[in-house]
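So the structure is just underneath, and the comments pick up after that.
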Amino acid sequence: MLSALVDARDSSTNVSLEFKDRGELIHVPEHVKAVTFSDTVLLFTRGETEADLRALTIVVSQMFSNSLYNRVPIRIGVAKGDLFVNFERSMYAGPALIEAYHVGEASQWLGVTFAPSVADEVAALGLVAGDRGTKGSAVVVPWSVPLKASVEDMKVLNWPALMALQLKVEPPFTTESFYQIFEPTFGPYAELPQDVRVKYENTVAFFNAQYAAHVA
């Protein structure tokens, strides 16, 4: 499982991104750094330019997609702010790290949630998922995100639209059919604790709604 997560990390970060509408080529390793602690991956940029944010957003979307493909269920929180790094002593700290951790961990689903510190800025990038020549769907969308103790309106990654062309089975999905790829690792869906089943139910509700809107 950890090897699959690292594979998803490497295949997402060791790439270059071409934005033809902007005439821009971004070499991701020059903008996004990755550090792994056990089952947690920390992605961060050295600066706060628009190119940094565009690169990080695409890397996050690719890592989420690649993780699902590798049958690794993950949650991602994205924040903006100060991060203090000492590579030689493997020290990482700062309010941005704490905010991203809390946003990701609090979300009761598999998905990518943008913290208030970065939500409006990432939405303003205007990234679109879809075939060339079509209207497409916004990469960042509003959603009532289920949390551990409440539901909060937040900006999230529209990963169903981004993965629409990769699907081998036509949606909508049931929770049980979506969970099948994880069953060899985590066991039968019916035997999962109730709070874990709810995470998959919330994920499928989001997927079916966003996929339907994307193909409409």
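Summary of values
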read-out: Failed item in (1) in contact with a Gly (Cβ under 8 Å, 6 or more places away or on another chain); (2) within 12 Å of Gln210 (Cβ to Cβ), with Val128 passing the rest; value: (2)
read-out: Residues located in region 186-216, provided they are of a type in the set (A, V, I, L, M), within 19 Å of Ile74 (Cα to Cα) and either modelled with pLDDT under 95 or part of a helix (DSSP H, G or I) (or both); value: Val196, Val198, Val204, Ala205
read-out: Which numbered condition Val128 misses (of (1) among the hydrophobic types (A, V, I, L, M, F, W, C); (2) at pLDDT below 95; (3) under 26 Å from Val35 (Cβ atoms)); value: (3)
read-out: Scope region 35-68; condition in contact (Cβ under 8 Å) with a residue 40 or more places away in the chain, under 19 Å from Met1 (Cβ atoms) and among the aromatic types (Phe, Trp, Tyr); matching residues; value: Phe64
read-out: From the options Arg89, Arg71, residue that is more than 16 Å from the chain's Cα centre (by Cα) and of a type outside the set (S, T, N, Q); value: Arg89
read-out: Residue ID - surrounded by the most Cβ atoms within 10 Å (Cβ to Cβ), chosen from residues in region 170-185 that are within 18 Å of Ile74 (Cβ to Cβ) and free of Cβ contacts under 8 Å to residues at least 24 places away in the same chain; value: Tyr179
read-out: Evaluation of Ser65 against (1) over 13 Å from the mean Cα position of the chain (by Cα); (2) hydroxyl-bearing (Ser, Thr, Tyr); (3) under 30 Å from Leu147 (Cβ atoms) (one fails), failing number; value: (1)
read-out: Enumeration of residues in region 101-124 that are hydrophobic (A, V, I, L, M, F, W, C) and either surrounded by 15 or more Cβ atoms within 10 Å (Cβ to Cβ) or within 12 Å of the chain's Cα centre (by Cα) (or both); value: Val103, Ala106, Trp109, Leu110, Val112, Phe114, Ala115, Val118, Ala119, Val122, Ala123
read-out: Of residues in region 143-169 being in contact with a strand residue (DSSP E or B) (Cβ under 6 Å, 6 or more places away or on another chain), exposed (fewer than 14 other Cβ atoms within 10 Å of the Cβ) and not hydrophobic (A, V, I, L, M, F, W, C), the one farthest from Asn208 (Cα to Cα); value: Asp153
read-out: Failed item, numbered, when Val112 is tested on (1) without any contact (Cβ under 8 Å) to a residue 24 or more places away in the chain; (2) not charged (D, E, K, R); (3) not in a helix (DSSP H, G or I); value: (1)
read-out: Options Phe84, Phe64: the member that is under 30 Å from Gln194 (Cα atoms) and either touching a Ser or Thr at 6+ places or on another chain (Cβ under 7 Å) or aromatic (Phe, Trp, Tyr) (or both); value: Phe64
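The values are calculated or read from the model by the stated rules, or taken from the named source; none is laboratory data. What you see is a predicted model; the values in this text were computed from it and never measured. Because the Cβ atoms are built from the backbone with ideal geometry, glycine has one as well, and the counts that use them run over all protein chains shown.
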